[in-house]
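Okay, so here's the structure we're looking at.
The values are calculated or read from the model by the stated rules, or taken from the named source; none is laboratory data. Computed from a predicted model, the values in this text were never measured in an experiment. Here the Cβ positions follow ideal geometry from the backbone for every residue, glycine too, while neighbour counts run over all protein chains shown.
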Amino acid sequence: MAYVADPISDIKHDIREALVNQKGNSCPLAVRLAWHSSGTYAKDDNSGGSNGATMRFAPESDEGANAGLDAKRDTLLAVKRAHPEVRRHLETRRSRRNRDCGVNLTSLPLSLLR
């Protein structure tokens, strides 16, 4: 039986390597990035938040509270570019889950992969 690579395991490995490596541990910065990204959600017009990944662009990326987060976004962008197949894989998994559980999961955040 031939080995079939699991793209999710591969990207998890690369994300771990990007967060914790010989240069140090940037997990606190990653948590801050996730917190600030989620905190941009506006209930009134359903904009912002992690799902839109809008923190990558001005004006959100230029906000003073988001200073320094561009370095972590750039690191994770390199991981995203190294795994173009993951987005298709996740969309396929979401479609299956939607059919299996009857819950709309298409709105779950994929900010690391957008």
Q) Here is a list of conditions, (1) in contact with a helix residue (DSSP H, G or I) (Cβ under 8 Å, 6 or more places away or on another chain); (2) farther than 25 Å from residue 84 by Cβ, and residue 30 meets all of them except one; can you say which number that is? A) (2)
Q | Conditions (1) under 18 Å from residue 65 (Cα atoms); (2) within 13 Å of the chain's Cα centre (by Cα): number failed by residue 11 | A | (1)
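Among what's in the stretch 81-114 and is within 19 Å of residue 6 (Cα to Cα) and assigned to a loop (DSSP other than H, G, I, E, B), pick the residue that is modelled with the highest pLDDT. Can you show your working first?
Of all residues in the stretch 81-114, those within 19 Å of residue 6 (Cα to Cα) come to 81-97, 110, 112-113.
Next cut, assigned to a loop (DSSP other than H, G, I, E, B) only: 83-84, 110, 112-113.
Working: 83: 86, 84: 83, 110: 46, 112: 42, 113: 44.
Selected residue: 83.
Just checking, which of 78, 71, 65, 30 is modelled with pLDDT of 85 or more, surrounded by 17 or more Cβ atoms within 10 Å (Cβ to Cβ) and assigned to a helix (DSSP H, G or I)? Full working, then the answer.
On the way: 78 fails: surrounded by 17 or more Cβ atoms within 10 Å (Cβ to Cβ); 71 fails: surrounded by 17 or more Cβ atoms within 10 Å (Cβ to Cβ); 65 fails: surrounded by 17 or more Cβ atoms within 10 Å (Cβ to Cβ).
One residue alone meets the criteria, 30.
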Q: Scan the stretch 36-71 for residues that are under 13 Å from the mean Cα position of the chain (by Cα) and within 17 Å of residue 15 (Cβ to Cβ) and jot them down.
A: 37, 50, 53, 56
Q.
So, in the stretch 15-25, exactly how many residues are polar (S, T, N, Q) and either in a helix (DSSP H, G or I) or farther than 21 Å from residue 83 by Cα (or both)?
A. 2
